[in-house]
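The block underneath contains the structure these notes are about, expressed in structure tokens.
The values are calculated or read from the model by the stated rules, or taken from the named source; none is laboratory data. All of these numbers come straight from a predicted model, not from anything done at the bench. No Cβ is skipped: glycine too gets one built from the backbone with ideal geometry, and neighbour counts run over all protein chains shown. Side chains included, ligands, DNA and RNA excluded: accessible areas come from the protein's heavy atoms. Shrake-Rupley method; radii C 1.70, N 1.55, O 1.52, S 1.80 Å.
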Amino acid sequence: MDGKPKGRLKVDEWPRIIQQWLYPPTCILCDAPGHDGLDLCPGCRSGLPYCRHACPRCAAALPEAAPPHALCGRCQKKPPVFDSATALFHYEEPARHLLRALKFGHRHACARLLGELLAARLETLPERPQLIIPVPLHPKRYTERGFNQSLELARLLSQRLGIPLDARHCRRIRTTPPQSRLTALQRRRNLRGAFHIKGAIQADHIAILDDIVTTGATVGALARALRQAGVKRIDIWCCARA
């Protein structure tokens, strides 16, 4: 016996407990009572489009019959510059609704929910990175939108997983048209030279965090800049893979 009281709550847990007592969690999708401290009910949680069968290199969807750790055809022919990718959801409803509400509706409750769910998924990874780097916005886009959804998600993941957050070294130095309006080839060309790494990255293993990965052009361009800065291993984390 070490004489220490058992089951005592940590000081930093009290704000969350008080918040849940004053404002009980409510499902963001259907307004039913939340469950397990999340703004999500069990029914809606079970109906989310979880990414269970995916390429471990780029997180693209694979058939359920694919063997474990199988790479998709694209990664077999031309592997991406990053080493692995983990996606929480396929970019389908109702996950699409949550992400759009965060990105365009400024519903920060969606960031908390998505961050909690992604953190629970990432806790099972066998090896964790030394830093989390959110995909940066160009200052002009940040001014227009008012916040960076990837940074908001990264803050929660950093807290939940105990991994430092680095939002200072990676900058977006060239403003570009929205990726959603472009083809895959145009997306890659659109992002050439878009990112700059300022100073030395004090980590060999980092995770790039983005809310949605579609073709991988954005995270690929940032990963390329980080490779040139000397980072040895780069993982991609995202809420949804299109």
Item to check | Meets criteria (acidic (D, E) and in contact with a Gly (Cβ under 9 Å, 6 or more places away or on another chain)) for E144 | outcome: no
Item to check | Unique residue being under 22 Å from C239 (Cα atoms), at pLDDT below 95 and hydrophobic (A, V, I, L, M, F, W, C) when the list is A154, A184, A207, A200 | outcome: A184
Checklist entry - If G230 passes every condition in (1) over 16 Å from R128 (Cα atoms); (2) in contact with a strand residue (DSSP E or B) (Cβ under 8 Å, 6 or more places away or on another chain); (3) not in a helix (DSSP H, G or I) but one, which one does it miss? => result (2)
Checklist entry - Which of the residues belonging to region 226-242 are open to solvent by less than 40 Å² (accessible area, probe 1.4 Å) and over 30 Å from P94 (Cα atoms)? => result L226, V231
Item to check | Candidates F104, F89, filtered to the one that is within 24 Å of A221 (Cβ to Cβ), of a type in the set (F, W, Y) and surrounded by 18 or more Cβ atoms within 10 Å (Cβ to Cβ) | outcome: F89
